[in-house]
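Data first, discussion second: the structure below is written as structure tokens.
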Ligand code: Z5A
């Protein structure tokens, strides 16, 4: 248990998008910029970030394991449900949580990609998160085929989800685009605010765009941080 500190609640900022768009890279840059600004921060990845979540991640990504779509959804949601208490503790302690994927990934992969019923998955997700919503979700925009091509996986080959069909990955990418529309966001208040970031360009250039977008939400957040190079 993390001891609650005096002061304000932390914020939850999520980085989302299809494969290889640079979420993990940008989570690192955003966290570094927050630390420079003296803001306590942790990075969590989904699925994962807890003992149970990392075990589930191993199963979900193992290309040798056959998992039915509903079972896949329950596994992602089980990992998330386990992570929620850590997230709540961090936020109560005033720590900013930078999440490498969260529940828009479930909406994109399990609903749009696998074709599971939206209402059931959204309800099950609410059970997992207990009504929690992120303060801001950034969807990184990058061409889907280039993103998939970026992933090397240390020579291990595609994981169980990467090896899905091109049509599956196109549906996932299209869903992330739809999440950026005002109509979709009005219909999904449970997701909190969602903003797009152009993820083309160098790592540093994308990091500046991410920070500029976060600054639009919280203008004073990076005031004491030096400008990124
Ligand atoms: N999933 C799901 O189905 N349902 C859910 O609810 C959740 C997840 C939560 C998690 O795997 C899988 O689970 C994922 C979705 C599914 N499936 N797939 N496929 P993951 O987290 O291991 O996979 P990922 O998020 O797709 O991939 P990734 O490797 O973590 O990609 P990324 O974080 O977006 O990119 P990156 O690691 O930061 O960068 C990839 C490479 O590009 C790397 O070599 C970087 O050095 C390079 N890079 C990054 N930025 C740049 C720039 N700007 N220029 C050049 N090169 C760059």
Restricting to the range 169-191, and then to whatever is part of a loop (DSSP other than H, G, I, E, B) and within 16 Å of the ligand (Cβ to nearest atom), can you tell me which residue is farthest from residue 213 (Cα to Cα)? 188
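Per-residue answers, yes or no, for (1) within 14 Å of the ligand (Cβ to nearest atom); (2) outside any helix (DSSP H, G or I); (3) under 29 Å from residue 29 (Cβ atoms); (4) out of contact with any strand residue (DSSP E or B) (no Cβ under 9 Å at 6 or more places or on another chain):
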residue: 56; (1), (2), (3), (4): yes, no, yes, yes
residue: 60; (1), (2), (3), (4): yes, no, yes, yes
residue: 65; (1), (2), (3), (4): yes, yes, no, yes
residue: 77; (1), (2), (3), (4): yes, no, yes, yes
residue: 80; (1), (2), (3), (4): yes, no, yes, yes
residue: 86; (1), (2), (3), (4): no, no, yes, no
Would you confirm whether or not the range 142-157 contains a residue that is more than 20 Å from residue 199 (Cβ to Cβ), outside any helix (DSSP H, G or I) and modelled with pLDDT under 95? yes
Only one residue in 221, 228 is within 14 Å of the ligand (Cβ to nearest atom) and modelled with pLDDT under 95, so which one is that? 228
Residue among 180, 138 that is free of Cβ contacts under 8 Å to residues at least 60 places away in the same chain and in contact with a strand residue (DSSP E or B) (Cβ under 8 Å, 6 or more places away or on another chain): 180
Residue check for residue 72: within 8 Å of the ligand (Cβ to nearest atom) and either part of a helix (DSSP H, G or I) or in contact (Cβ under 8 Å) with a residue 40 or more places away in the chain (or both): yes
May I ask you to list the residues in the range 14-30 that are touching a strand residue (DSSP E or B) at 6+ places or on another chain (Cβ under 8 Å) and crowded, with 19+ Cβ neighbours inside 10 Å? 14, 15, 16, 17, 21, 22, 23, 26, 27, 30
Filter result for the condition that a residue is surrounded by fewer than 22 Cβ atoms within 10 Å (Cβ to Cβ) and either within 16 Å of the chain's Cα centre (by Cα) or modelled with pLDDT under 95 (or both), over 80, 45, 114, 101: 45
Output for the range 90-119, where each listed residue is more than 8 Å from the ligand (Cβ to nearest atom), free of Cβ contacts under 8 Å to residues at least 40 places away in the same chain and touching a helix residue (DSSP H, G or I) at 6+ places or on another chain (Cβ under 9 Å): 117, 118
Given the condition near the ligand (Cβ under 8 Å from one of its atoms) and closer than 21 Å to residue 187 by Cβ, answer yes or no: does some residue in the range 138-160 qualify? no
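The values are calculated or read from the model by the stated rules, or taken from the named source; none is laboratory data. The structure presented is a predicted model; accordingly, all values stated were derived computationally and were not measured. So basically every Cβ, Gly included, is an ideal-geometry build from the backbone, and we count neighbours across all protein chains shown.
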